[in-house]
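Here's the structure we're looking at; comments come further down.
Read the figures in this text as sums done on the coordinates, not as results from a lab. Keep in mind the model is a prediction, meaning the values are calculated, not measured. Neighbour counts are summed over all protein chains in view; Cβ atoms, including those assigned to glycine, are modelled from backbone coordinates with ideal geometry.
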Amino acid sequence: MIYLTLVLGFILRLISVNQSLWLDEATSALVAKMPIAGMFADFLPGDFHPPLYYLLLNAWGTVSGYSEVALRIPSLLAGMGTVYVVYRMAGRVPALLLATSGLHIYYSQEARMYALAALFVSLTVLFFIKTLHEKRVGDLVWYGIFLSLSILTDYLPVLVIPALWTAAWLNGKNIFWWKKFIASHIIPAVLGALWLPYFIKQITAGLLVKSASPAWWQLLGQVNFKNIILVPAKFIFGRIDMDVTAPYILITSLAFLLFGFLLVKSLKNFEKTKVIWLWLVFPLVLGLAVSFRVPTLSYFRYLFVLPAFYILVASGIKSRLFLVLVLVVNLLTSGMYLFDSRLHREDWRSAAGALGSSKVVFPADSQKEALIYYRKGSQIVSPGEATGKDKEIWLSRYVWEIFDPEDAAGKKIEDLGYNKTSEHNFNGVVFWKYAKKRWKE
């Protein structure tokens with residue numbers, strides 16, 4: 001049965017995998033192409049992620065190339081690996097639920113670090129559970145290794161450490177076990193100390209965003225009701241967007257009741273599932289607290305607790321009816337995402353094709369990575385570089401409200417004698433096309 005589950009999960013993750021890269025994926029691609037020395041010197045100090053994913057993508061890209069599909073294969077394999085780890089940890093039902101999860105499918109198709117972090121955290125928890133019940137030193141070694149890999153892939157998985165320490169305390173382990181357990185943290189502690197100077201640079205640069213671009217800071221994951229409710233909503237429904245209409249409200253309410261009921265039912269097995277509960281709850285609560293200072297409350301950053309969510313949901317399932325209902329929700333929402341192109345990623349690939357050989361103006365010195373990936377970098381100009389000598393020109397309206405709230409770029413183009421002729425929306429990537437007045441006339 002697990003092999004059928006893995007085949008199903010693999011097929012679902014192959015559908016629509018050849019979408020356009022969106023902006024952050026294009027950043028991953030460009031960083032992966034950089035020399036490693038340049039990556040550490042020029043990019044990582046201004047980013048807010050550890051280096052492991054970029055290093056792996058760099059090595060992978062030299063072998064596979066940098067096409068959309070090739071760049072997403074590591075995440076796809078990490079997603080399938082997580083399904084198998086969940087099976088080893090909790091059995092076939094939670095593995096099946098994770099394999100069909102719309103959110104997990106989405107990020108198993110994304111050239112970012114979140115699926116890989118979820119795999120490493122799942123392996124960390126698996127070997128931690130082994131250490132609670134077995135006396136093999138090798139399990140503690142593997143626990144330390146996978147914990148290190150988790151934190152070197154993304155920062156928020158560090159929040160799983162208090163959860164596991166609490167679980168160990170609740171299990172009443174003796175002093176000899178604790179000595180070995182603490183020793184297993186030597187590897188992540190040493191690696192963390194080596195990386196600390198870069199982390200300080202990253203957190204310093206990140207905090208500067210608050211004063212330099214308050215609007216952008218608000219989008220990163222501040223504490224508000226919307227971001228809080230999006231965590232369970234996206235865990236259940238994946239990346240599909242729900243319209244605020246009576247039928248959708250009814251459907252979403254029923255789904256919330258279904259999953260909530262199953263989570264409550266799983267509490268009856270709390271003695272057996274307390275590690276999983278702590279894995280789910282601690283990072284979310286601690287992440288909420290951290291977000292009052294540094295905004296991290298975006299649901300996708302907590303993909304590493306999604307396996308815990310489905311293990312607990314599966315623990316509450318006591319009849320085939322509830323299993324079928326959960327699978328229906330998963331398959332319907334996954335199918336909506338996979339087969340409806342409107343729910344796919346930003347379509348920078350089509351935007352690049354529509355631009356042709358025309359110049360394109362970006363209001364800010366950022367958000368250009370996707371067009372650079374699609375070989376349009378030489379056509380990008382700043383508002384100050386626009387001369388008015390071109391027959392037509394395009395203006396990026398991608399998050400312009402944040403980087404150009406006064407619309408200075410649009411006004412500059414019009415002052416050069418251009419008139420807007422059309423608007424184009426490529427799945428959230430908006431461009432305005434302008435033509436010179438005399439050519440238009």
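Of Gly417, Gly61, Gly79, which has the largest mean-square fluctuation in a 10 Å C-alpha GNM of the chain?
Gly417
Near Tyr155, within a Cβ-to-Cβ distance under 15 Å, what is the net charge of the other residues, with Lys and Arg +1 and Asp and Glu -1?
+2
What relative contact order, as a whole-number percentage, does region 78-199 give when Cα pairs under 8 Å and 6 or more residues apart are counted?
23
Whole-Hz ³J(HN,Hα) for each residue in region 68-77, computed from phi via Karplus 6.51 cos²θ - 1.76 cosθ + 1.60 with θ = phi - 60°, x for glycine and proline: what do you get?
Whole-Hz 3J(HN,Hα) from phi for region 68-77: 4, 5, 4, 5, 8, 4, x, 5, 4, 5.
Give, in nm to one decimal, the length gained when the segment between Leu56 and Asn171 is fully stretched (0.36 nm per residue of separation minus the Cα-Cα distance).
Length difference between fully extended and current span is 37.8 nm.
Suppose the chain between Ser378 and Lys265 were pulled fully straight at 0.36 nm per residue; how much longer would it get relative to their current alpha carbon spacing?
34.9 nm
Stretched out fully, how many nm does the piece from Ile228 to Ser358 gain, at 0.36 nm a residue minus the Cα gap?
Value of the extension gain: 42.6 nm.
Taking the Cα centre as origin and putting +1 on Lys and Arg beta-carbons and -1 on Asp and Glu beta-carbons, what dipole magnitude results for the chain, to the nearest 20 debye?
In total the dipole reaches around 1000 debye.
Need one number: % antiparallel among DSSP beta bridges in region 348-440, to the nearest 5.
Counting DSSP beta bridges with both partners in region 348-440, the antiparallel share is about 70 percent.
Give me the net charge of Thr5's neighbourhood, meaning all other residues with Cβ under 15 Å from the Cβ of Thr5; Lys, Arg count +1, Asp, Glu -1.
Charge balance in the 15 Å sphere: +3.
Let me know the shape class of the chain, please: from the alpha-carbon gyration tensor, a ≥ b ≥ c as square roots of the eigenvalues, rounded when a/c is under 1.5, otherwise prolate if a/b is greater than b/c, or oblate.
prolate
Over the chain, what is the relative contact order in percent, taking alpha-carbon pairs closer than 8 angstrom and at least six residues apart?
About 19 percent, as a whole number.
Please name which of Gln109, Asn58, Thr5 has its Cα lying farthest along the dipole of the chain towards the positive end, using unit charges on Cβ (Lys, Arg +1; Asp, Glu -1) and the Cα centre as origin.
Thr5
Exposure proxy check: Val381, Val360 ranked by fewest other beta carbons within 10 Å?
The fewest-first ordering by Cβ neighbours comes to Val381, Val360.
What is the calculated FRET efficiency for Glu134 to Ala189, with r their C-beta to C-beta distance and R₀ = 25 Å, to the nearest 0.05?
0.55
When the Cα centres of region 399-441 and region 72-126 are compared, how far apart do they sit, in Å?
About 42 Å separates the Cα centre of region 399-441 from the one of region 72-126.
Which residue, Ile372, Ile251, Ile73, has the most motion in a Gaussian network model of the chain that connects Cα atoms within less than 10 Å?
Ile251
Of the beta bridges DSSP finds with both residues in the chain, what % are antiparallel, to the nearest 5?
The answer is about 70 percent antiparallel.
Cα gyration tensor of region 36-152, axes a ≥ b ≥ c as square roots of the eigenvalues: rounded (a/c below 1.5), prolate (a/b > b/c) or oblate?
Oblate.
Which order do Tyr114, Tyr87 fall in if you start with the one that has the fewest other Cβ atoms within 10 Å?
In order of increasing Cβ crowding within 10 Å: Tyr87, Tyr114.
Classify region 238-301 from the C-alpha gyration tensor, please: rounded if a/c falls under 1.5, else prolate or oblate depending on whether a/b exceeds b/c.
The shape class here is oblate.
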